[in-house]
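Participant: Right, I'll just put the structure down here and ask away after.
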Amino acid sequence: MALLAATQGTPERLWAIVTVIDAHGGTIARPELEQWLKPRWDGVTDATRDRNDRGLVNQALQAASGLGLIETSRDTVALAVPSLPSNIAGFTDLVHSFLLAQPEQSSDADILDAFACAVVETELRGNRQWLSDLTAAQIADLFTRSLKPRAVETADQRYNTSRHATWMRWVEFVGLNESIASRTTLLSVTQRLHRALRGSDLARGEAISPDALLDWVASTLPYLDRGTLFLAAAKRMGHVPGTTISRLLSAALRDLHEDGVIRLVVPRGDAQVAAKLASDAFADIRAFNAVILNGSALDA
């Protein structure tokens with residue numbers, strides 16, 4: 001089952017599944033796993049509750065199976081990965097890598113493809129909180145129009161209102177979104193960029209040119225500047241990227257600079273500006289000539 005369709009297959013529930021199985025040596029009886037996921041402290045048996053619980057567990061198991069995390073049979077559930085991350089933060093990296101590896105025609109590829117569309121829409125609208133200004137139905141229509149067409153389309157709306165909440169949950173889980181209030185969503189790639197830089201082999205403590213950094217971003221996070229998903233979405237949505245770095249990537253670079261994780265080398269005097277950041281009335285840094293990774297802060 002595709003992640004967007006598995007509305008009950010939340011990231012936290014999938015993490016619970018794999019950690020429980022791992023704690024049982026890599027294989028567990030299906031009824032026992034169901035008890036771990038939906039324990040009955042009162043001991044009461046109820047047909048309706050049983051049916052609802054079974055549906056919830058089945059969706060979660062199907063989502064975990066679709067991610068390639070587990071293998072299921074009628075009686076048992078087993079881990080399908082050689083090892084698990086030691087914490088849920090590492091699990092976000094595993095899920096992100098899975099999404100990146102999806103064939104472009106698969107349903108799960110829509111998660112990052114839709115995010116690439118959101119990056120482009122941010123450029124078109126000029127702000128990062130536009131998701132909060134639209135209804136779920138308007139966002140569903142926008143993404144349905146903007147996603148890469150499939151070879152064979154179904155009669156159902158590809159991105160609908162019920163899938164929007166699931167999409168938001170997964171992009172926030174992998175570090176591509178922040179909910180800053182009950183009704184306010186701020187698109188942000190700061191967490192994902194931080195984790196990607198930490199896992200990279202980019203030199204620490206040495207000046208990296210803007211072009212080298214952007215080429216790395218494009219290959220590692222293809223839904224951002226210069227990346228294949230970003231460029232394809234921009235073409236479909238009628239956006240021509242300029243030389244200025246996108247709003248989402250600009251904000252993330254500024255965030256990491258302020259946190260001391262990286263240092264943006266600001267042009268001085270008559271020095272030629274190599275890269276311009278998106279405009280921000282509250283930001284001091286508007287351009288940079290190089291970026292330096294602070295190894296001690298980045299790898300902490």
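Participant: Look through Ala101, Ala114, Ala89 and report the one residue that is closer than 26 Å to Thr161 by Cβ and either under 15 Å from the mean Cα position of the chain (by Cα) or modelled with pLDDT of 95 or more (or both).
Facilitator: None of the other options fit; the residue is Ala114.
Participant: All but one of (1) within 22 Å of Asn177 (Cβ to Cβ); (2) assigned by TED's automatic domain parsing to the domain that holds Asp113 hold for Leu253; state the number of the condition that does not hold.
Facilitator: All conditions pass for Leu253, except number (2).
Participant: Check every one of the helices (runs of 4 or more DSSP H) wholly within the stretch 47-126 and list those with 3 or more residues that are within 15 Å of Glu12 (Cα to Cα) and not charged (D, E, K, R).
Facilitator: Output list reads 47-66, 88-100.
Participant: I'm trying to understand the selection: among the residues of the stretch 265-291, which are of a type outside the set (Asp, Glu) and under 25 Å from the mean Cα position of the chain (by Cα)?
Facilitator: Listed by number, the residues that qualify are Leu277, Ala278, Ser279, Val291.
Residues are listed down the side, and each one gets a yes or a no for (1) in contact (Cβ under 8 Å) with a residue 24 or more places away in the chain; (2) touching a Cys at 6+ places or on another chain (Cβ under 9 Å); (3) not assigned by TED's automatic domain parsing to the domain that holds Trp15:
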site: Ala116; (1), (2), (3): yes, no, yes
site: Thr122; (1), (2), (3): yes, no, yes
site: Leu131; (1), (2), (3): yes, no, yes
site: Ala136; (1), (2), (3): yes, no, yes
site: Leu142; (1), (2), (3): yes, yes, yes
site: Ser200; (1), (2), (3): no, no, yes
site: Asp215; (1), (2), (3): no, no, yes
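Participant: Can you tell me which condition Ala233 does not meet? The list is (1) part of a loop (DSSP other than H, G, I, E, B); (2) touching a Leu at 6+ places or on another chain (Cβ under 9 Å); (3) closer than 30 Å to Ala109 by Cα, and all the others hold.
Facilitator: (1)
Participant: Would it be correct to say that Thr7 is within 23 Å of Asp108 (Cβ to Cβ), among the hydroxyl-bearing types (Ser, Thr, Tyr), modelled with pLDDT of 90 or more and surrounded by fewer than 18 Cβ atoms within 10 Å (Cβ to Cβ)?
Facilitator: It is false that Thr7 is within 23 Å of Asp108 (Cβ to Cβ), among the hydroxyl-bearing types (Ser, Thr, Tyr), modelled with pLDDT of 90 or more and surrounded by fewer than 18 Cβ atoms within 10 Å (Cβ to Cβ).
Participant: While we're here: Tell me the residue from Ala165, Ala196, Ala151 that is at pLDDT 75 or above and exposed (fewer than 14 other Cβ atoms within 10 Å of the Cβ), please.
Facilitator: Ala165
Participant: Starting from the stretch 8-29, keep only residues that are among the small types (Gly, Ala, Ser), then list their pairs with residues that are outside any loop (DSSP other than H, G, I, E, B) and buried (at least 18 other Cβ atoms within 10 Å of the Cβ) whose Cβ atoms are within a distance under 6 Å, requiring at least 6 positions of separation or different chains.
Facilitator: Short answer, once both residue conditions are applied: Gly9/Gln59; Gly9/Ala60; Gly9/Ala63; Gly26/Leu79.
Participant: Whether any residue in the stretch 260-280 is at pLDDT 95 or above, within 25 Å of Leu124 (Cα to Cα), in a loop (DSSP other than H, G, I, E, B) and not basic (Lys, Arg) is what I want to check.
Facilitator: Scanning the stretch 260-280 turns up at least one residue that is at pLDDT 95 or above, within 25 Å of Leu124 (Cα to Cα), in a loop (DSSP other than H, G, I, E, B) and not basic (Lys, Arg).
Participant: Can you pull out every residue in the stretch 169-208 that is in contact with a helix residue (DSSP H, G or I) (Cβ under 8 Å, 6 or more places away or on another chain) and part of a helix (DSSP H, G or I)?
Facilitator: Correct list: Arg169, Trp170, Val171, Phe173, Thr190, Arg192, Leu193, His194, Arg195, Ala196, Leu197, Arg198.
Participant: Answer with yes or no whether Leu256 is surrounded by 15 or more Cβ atoms within 10 Å (Cβ to Cβ), farther than 20 Å from Glu123 by Cα, in contact with a helix residue (DSSP H, G or I) (Cβ under 8 Å, 6 or more places away or on another chain) and modelled with pLDDT of 95 or more. Lay out the reasoning, then the answer.
Facilitator: On the way: surrounded by 15 or more Cβ atoms within 10 Å (Cβ to Cβ): yes; farther than 20 Å from Glu123 by Cα: yes; in contact with a helix residue (DSSP H, G or I) (Cβ under 8 Å, 6 or more places away or on another chain): yes; modelled with pLDDT of 95 or more: yes.
Yes.
Participant: Somewhere in the stretch 241-255, is a residue within 15 Å of Val217 (Cβ to Cβ), of a type in the set (Gly, Ala, Ser) and touching a strand residue (DSSP E or B) at 6+ places or on another chain (Cβ under 7 Å)?
Facilitator: Looking through the stretch 241-255, none of the residues is within 15 Å of Val217 (Cβ to Cβ), of a type in the set (Gly, Ala, Ser) and touching a strand residue (DSSP E or B) at 6+ places or on another chain (Cβ under 7 Å).
The values are calculated or read from the model by the stated rules, or taken from the named source; none is laboratory data. Everything numeric here is computed off the predicted structure, so don't read it as measured data. Glycine also receives a Cβ, built like all others from the backbone with ideal geometry; neighbour counts cover every protein chain displayed.
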